[in-house]
Amino acid sequence: MAVGTQYLAEQPKLRTSSMVIGAVVVAALMAAPFFFYPVLLMSILCFALFACAFNLLIGYVGLLSFGHAAFFGGAAYFTAHAAKVWGWEPLTSILLGMAGAAAMGFVIGFLAIRRQGIYFAMITLALSQMFAFICLQVPFTHGEDGIQGVPRGHLLGIIDLNQPLAMYYVTLAIFLFGFFAIWRIVHSPFGNILKAIRENERRAISLGYRVDRYKLGAFVMSAALAGLAGGTKAIVFQFATLTDVQWQMSGEVILMTLLGGIGTLIGPIVGAGFVIALQNYLAASDFPVTVLIGIIFVVCVLLFRRGIVGEIMELTKRKSKQSA
Amino acid sequence: MEFRGFVAVKDVTLSVNEGSIHALIGPNGAGKTTVFNLLTKFLTPTRGQIVFKGADITRMKPAEVARLGLVRSFQISAVFPHLTLLDNVRVALQRPSGLATQFWRSSNTLAALDERAMELIDAVNLSSYADLPATELSYGRKRALEIATTLALDPAMLLLDEPMAGMGHEDIGRISDLIRRIARNRTVLMVEHNLNVVADLCDRVTVLARGEILSDGSYDTVSRDPRVREAYMGTEHE
């Protein structure tokens, strides 16, 4: 599944050209708020990071988690509580959300990692539903109301995040940090072992690797980064609600990743951008968004299973093979 | 090393002397692979005991056994198909060199392992394929790669499950030489169907049939044993 990205990293020519592309994309993202509605862009960035974090697990370890909403939404609650009730500085609040998500990832991952395939997915789903129920019941989340009116505050006590542009650039910086972290994990010695485990788990065990620990490590990292996305979202939108912890959110992130291309680094970003933009533009019309997204999902699974980015990469690979 | 009493394999008391090449042979379904799975803890024995270098490993996990230096190969070739040959061997080298858990460093740091990896690949005559994905190799070469990967761990004892299966004539000669070379300072236990190879390579042979030991000793002793002939031929024809 992830072979494409691996080749990309191993060919120096492709690598420099992808760095150029990366620089262009970052520049475009810097200029974007002058052309598009910043809140929409920030929403896309948060969900894109969430999808990238999810993809780290399914694309590079081969584990389908159906409970990632717990980390995304859980972190949103932690961050919102810290910023609103304790009056913490926004970045520290986000980091607290991230740490909370990582801790939850450790517990859920520890319980789920021993099972594979559909059983792994079901355990993550069950545990995240339990967490959603807790969020409905405990007082600090304020039940159906959620935590509203979270102050954006001043970043490090200096930068006023109530300014839309300041908030946008901070969100962009967090997104880029998260994306770089995932890129680094995938192309690290640790990532190499993850790849080997996905390729042939029994062989990895017979070489002395305690594969459960590697899987758990990747699970915690994925949860932490999903938490980073969720915490940032709570500051950007100034609330944390039950929507973010429910299973529909877990389903949505799977859809985004699948649509963009599982196991490709930028696929989840494209998928998240597509889904969020679609939801946004159709929100005003009478056409039901869920129906359209359902149709797109079916078409995707039937016709282009590698996802948008996955199919493009496959096409270019075939072309370069033909010309060679 | 010994173990006793299993489900598919019962009352097998097998001891492999340090530094020897020991063959485990027998008809299909005799339980040879089961014995391997038991020794390397991919299966847990219901009864009995397994001792390696004086330590009881009966209740250990597969990865722990590998860490002690008891490393196996598989009957169906076990490579990482979409990794290059170099990467395949490097995966094995990563753990002992402490580079396996570093998620914050670039995978370029693994270049430090390239020299050793190439030595190992060279030892099985695969250097010209080092940059190819393992899946593109022929069956015999995949087996050779697997041996190179196993050797990367510098194990005290190797368990080779049919290392020659599906190999051509030249490959067999080359791998036999390799096994002889690596056995100079290691113990090898191998399952092998090619009796010429067994006669040529192994110091000692244990014959397994229907989960029990039929015969045990040097190749000459075992090959003269009428019970062994019967198990292999069905009935004796002489």
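The values are calculated or read from the model by the stated rules, or taken from the named source; none is laboratory data. Small disclaimer: the values here were computed from a predicted structure and weren't measured. Methodologically, a virtual Cβ is constructed for each residue, glycine included, from the backbone with ideal geometry; neighbour enumeration extends over all protein chains shown.
Side notes on the structure shown:
- Of all residues in the stretch A:80-106 being in a helix (DSSP H, G or I) and free of Cβ contacts under 8 Å to residues at least 12 places away in the same chain, the one that is nearest to A:S65 (Cα to Cα): A:A103
- Condition check for B:G168: away from every other protein chain (no Cβ under 13 Å), small (G, A, S), within 21 Å of the chain's Cα centre (by Cα) and farther than 20 Å from B:V188 by Cβ: yes
- When each of A:F140, A:F179, A:F190, A:F175 is tested for being over 30 Å from A:G59 (Cβ atoms), part of a helix (DSSP H, G or I) and in contact (Cβ under 8 Å) with a residue 12 or more places away in the chain, the lone residue that passes is A:F140.
- Selected residue [away from chain B (no Cβ under 14 Å), at pLDDT below 90 and under 20 Å from the mean Cα position of the chain (by Cα)] from A:A229, A:A240: A:A240
- Residue match in the stretch B:173-196 (condition: touching a helix residue (DSSP H, G or I) at 6+ places or on another chain (Cβ under 8 Å), more than 23 Å from B:V16 (Cα to Cα) and not small (G, A, S)): yes
- Tally of residues being outside any helix (DSSP H, G or I), surrounded by fewer than 23 Cβ atoms within 10 Å (Cβ to Cβ) and at negative phi across the stretch A:198-215: 2
- Some residue of the stretch B:68-87 being more than 10 Å from chain A (Cβ to nearest Cβ) and among the polar types (S, T, N, Q): yes
- Restricting the stretch B:91-117 to residues that are assigned to a helix (DSSP H, G or I), surrounded by 18 or more Cβ atoms within 10 Å (Cβ to Cβ) and over 19 Å from the mean Cα position of the chain (by Cα), the residue that is farthest from the other protein chains (Cβ to nearest Cβ): B:A117
- Residues that are of a type in the set (K, R) and within 13 Å of B:A23 (Cα to Cα) within the stretch B:181-219 comprise just one, B:R204.
- Residues of the stretch B:21-28 include at least one that is at pLDDT 85 or above and β-branched (V, I, T).
- Among residues of the stretch A:110-158 being in contact with a Gly (Cβ under 7 Å, 6 or more places away or on another chain) and aliphatic (A, V, I, L, M), the one that is farthest from A:A70 (Cα to Cα) is A:L136.
- Screening B:F3 against (1) modelled with pLDDT of 80 or more; (2) out of contact with any Phe, Trp or Tyr (no Cβ under 9 Å at 6 or more places or on another chain); (3) surrounded by 15 or more Cβ atoms within 10 Å (Cβ to Cβ); (4) not in a helix (DSSP H, G or I) leaves a single unmet condition, (1).
- Residue within the stretch B:19-31 that is at negative phi, within 12 Å of chain A (Cβ to nearest Cβ) and in contact with a strand residue (DSSP E or B) (Cβ under 9 Å, 6 or more places away or on another chain) present: no
- Any chance B:K61 is basic (K, R) and either closer than 21 Å to B:R186 by Cα or buried (at least 23 other Cβ atoms within 10 Å of the Cβ) (or both): no
- Filtering the stretch A:174-197 to residues that are surrounded by fewer than 21 Cβ atoms within 10 Å (Cβ to Cβ) and more than 7 Å from every other protein chain (Cβ to nearest Cβ) leaves A:L176, A:F177, A:F180, A:A181, A:W183.
- Residue selected from the stretch B:34-57 under the condition part of a loop (DSSP other than H, G, I, E, B) and crowded, with 16+ Cβ neighbours inside 10 Å, by the criterion farthest from the other protein chains (Cβ to nearest Cβ): B:G48
- Selection status of B:V91, closer than 23 Å to B:D161 by Cβ, without any contact (Cβ under 8 Å) to a residue 60 or more places away in the chain and touching a Leu at 6+ places or on another chain (Cβ under 8 Å): yes
- Filter result for A:S222 (modelled with pLDDT under 85 and either surrounded by fewer than 22 Cβ atoms within 10 Å (Cβ to Cβ) or within 14 Å of chain B (Cβ to nearest Cβ) (or both)): no
- Within the stretch B:118-154, the residues that satisfy the criterion of being surrounded by 22 or more Cβ atoms within 10 Å (Cβ to Cβ) and at the interface with another protein chain (Cβ under 10 Å from one of its Cβ atoms) are B:A134, B:E146, B:T149, B:T150, B:A152.
- Taken together, the residues in the stretch B:156-186 that are surrounded by 21 or more Cβ atoms within 10 Å (Cβ to Cβ) and in contact with a Gly (Cβ under 6 Å, 6 or more places away or on another chain) amount to 1.
- Boolean, B:L153 is within 30 Å of B:F80 (Cα to Cα) and out of contact with any Gly (no Cβ under 8 Å at 6 or more places or on another chain): no
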